[in-house]
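The values are calculated or read from the model by the stated rules, or taken from the named source; none is laboratory data. If you're wondering where the values come from, they're calculated on a predicted model, not measured in any experiment. Cβ sites come from the backbone with ideal geometry, for glycine too, and all protein chains shown count toward neighbours.
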Amino acid sequence: MHSKIVLTMALSAASLLASNTLTTDAGKAGLKPIPKSKAELSKLIDNPKNPITAAKVELGKKLYFDPRLSKSGFISCNSCHNLSEGGDDGISAAIGHKWTANPHHLNSPTVYNSVFFASQFWDGRDPHLEAQAQGPIQAAPEMSATPEHVVSTVTSMPEYVAEFKKAYGNDVKISFEKVTDTIATFERTLVTPSAYDDFLNGNEKALTKTQKEGLKTFIDKGCATCHNGIALGGEMNAFNVTGTYKHQNVGDFKGNNIGMVKVPTLRNITQTAPYFHNGQIWDLKEAIIEMGRIQLGTTISDKEAASIEEFLKSLEGRKEPITLPQLPKSTATTPKPDIN
């Protein structure tokens, strides 16, 4: 009996030591958890120039779901960044105004945890969500609206005007930038902590044995070279480093002016297929193997890919329930839908 107790204690100590070593290795590899402290998290996601408040978040949510901001009156932010699943649209190339596919055959990135991205858009042209929110609304193959249309739509509804005053004060000027800033404020709150974060924050039982093994494989194979930080992505990096992506010829996207591409987040990756900028790979294990070939110059075996995939399952985040907002009613002055 005594020997069994000693053995159990020894195994527990060995397990704890292994977990501590793994979290240390994760830290050295540049992996960071979403903070456990709400106060610390608030500091990370807030915008000092436009502090997050409950009124702004609720108004931003309504604007996010309102299709009347688009020219057709049919497409909302949620159309391509569906909060009911992975925060994307689940198709290879985004579909927008007049059923137009993205002309560069670009896949819609997830909006979940995008507050942690250092760069927005596949070419990283905007650094933060406030600037990013202006793009899709005005893009012809997306929402195809003008700033004037957006302002006219919002100001035509007394309920929206009242909510802007509540959020920003009676002297608020409802501009296009104010509308997109408010949408971005809502997006800043779309954070999904996971078992992975719990593990890095000290709960050594948060991950299964196979997920811990997968995390070690992920680090050892070099995946964390690009997929690091809190977002496990979101920075700009070279693409086709050691090989050419096998679907590179689908679409004409080559990255920014020096060939750099935004590294997609791995958070909720099991819910955001298809993968890569042009959405040509639907199987996660295949995507892992392809990344090893073209980015790391290494062959990732089926067994190693399966191990990494098990770890990636631990990145499935806890999403706060989102109640579908009831939008203000249109008035006689609200711009009519235009499908042309």
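Within the range 208-230, the set of residues being touching a Leu at 6+ places or on another chain (Cβ under 7 Å) and part of a loop (DSSP other than H, G, I, E, B) comprises LYS221, GLY222, HIS227, ASN228. For the criterion of being charged (D, E, K, R) and at pLDDT below 95, GLU58 fails. Set side by side, the residues HIS105, HIS97 differ, and just one is closer than 27 Å to ILE174 by Cα and at pLDDT 95 or above, which is HIS97. Report yes if ILE300 is assigned to a loop (DSSP other than H, G, I, E, B), β-branched (Val, Ile, Thr), under 30 Å from HIS149 (Cα atoms) and in contact (Cβ under 8 Å) with a residue 60 or more places away in the chain, otherwise no. It is false that ILE300 is assigned to a loop (DSSP other than H, G, I, E, B), β-branched (Val, Ile, Thr), under 30 Å from HIS149 (Cα atoms) and in contact (Cβ under 8 Å) with a residue 60 or more places away in the chain. Scanning the range 303-316 for residues that are surrounded by 21 or more Cβ atoms within 10 Å (Cβ to Cβ) and assigned to a loop (DSSP other than H, G, I, E, B) gives SER314, LEU315. Residue under question is SER76, and the condition is that it be farther than 22 Å from LEU44 by Cα, over 25 Å from the mean Cα position of the chain (by Cα) and not acidic (Asp, Glu); does it hold? Considered against the rule, which asks whether it is farther than 22 Å from LEU44 by Cα, over 25 Å from the mean Cα position of the chain (by Cα) and not acidic (Asp, Glu), SER76 comes out as no. Whenever a residue of the range 236-257 is within 28 Å of PHE116 (Cα to Cα), its partners that are acidic (Asp, Glu) and modelled with pLDDT of 95 or more, lying with C-beta atoms within less than 6 angstrom and at least six residues away or across chains, give the pairs ASN256/ASP123.
Which of the residues that make up the range 19-43 are surrounded by 14 or more Cβ atoms within 10 Å (Cβ to Cβ), in a helix (DSSP H, G or I) and hydrophobic (A, V, I, L, M, F, W, C)? Across the range 19-43, the qualifying residues are LEU22, ALA26, LEU41. Has the range 228-235 got at least one residue that is more than 19 Å from SER119 (Cβ to Cβ) and surrounded by 18 or more Cβ atoms within 10 Å (Cβ to Cβ)? No.
Kindly establish whether GLY233 is at positive phi and either assigned to a loop (DSSP other than H, G, I, E, B) or at pLDDT 95 or above (or both). Yes: the conditions hold for GLY233.
Report whether or not THR242 is more than 27 Å from LEU44 (Cβ to Cβ), surrounded by fewer than 22 Cβ atoms within 10 Å (Cβ to Cβ), hydroxyl-bearing (Ser, Thr, Tyr) and at pLDDT 95 or above. Show your work before the answer.
Working: more than 27 Å from LEU44 (Cβ to Cβ): yes; surrounded by fewer than 22 Cβ atoms within 10 Å (Cβ to Cβ): yes; hydroxyl-bearing (Ser, Thr, Tyr): yes; at pLDDT 95 or above: yes.
Yes; evaluated as a whole, the condition is true for this residue.
Might you check whether a residue that is modelled with pLDDT of 95 or more and farther than 22 Å from THR24 by Cβ occurs anywhere in the range 191-212? Yes, the range 191-212 contains at least one residue that is modelled with pLDDT of 95 or more and farther than 22 Å from THR24 by Cβ.
Scanning the range 94-109 for residues that are part of a helix (DSSP H, G or I) and touching a residue at least 40 places away in the same chain (Cβ under 8 Å) yields HIS97, LYS98. Take ALA224 and decide whether it is small (Gly, Ala, Ser), under 30 Å from CYS77 (Cβ atoms) and surrounded by 15 or more Cβ atoms within 10 Å (Cβ to Cβ). So ALA224 does not fit the description; no. Taking ARG293 as the residue in question, decide whether it is surrounded by 22 or more Cβ atoms within 10 Å (Cβ to Cβ) and either out of contact with any helix residue (DSSP H, G or I) (no Cβ under 9 Å at 6 or more places or on another chain) or within 25 Å of ASP126 (Cα to Cα) (or both). The answer is no for ARG293. Filtering the range 264-286 for residues that are in contact with a His (Cβ under 7 Å, 6 or more places away or on another chain), closer than 22 Å to PHE199 by Cβ and assigned to a loop (DSSP other than H, G, I, E, B) leaves a non-empty set.
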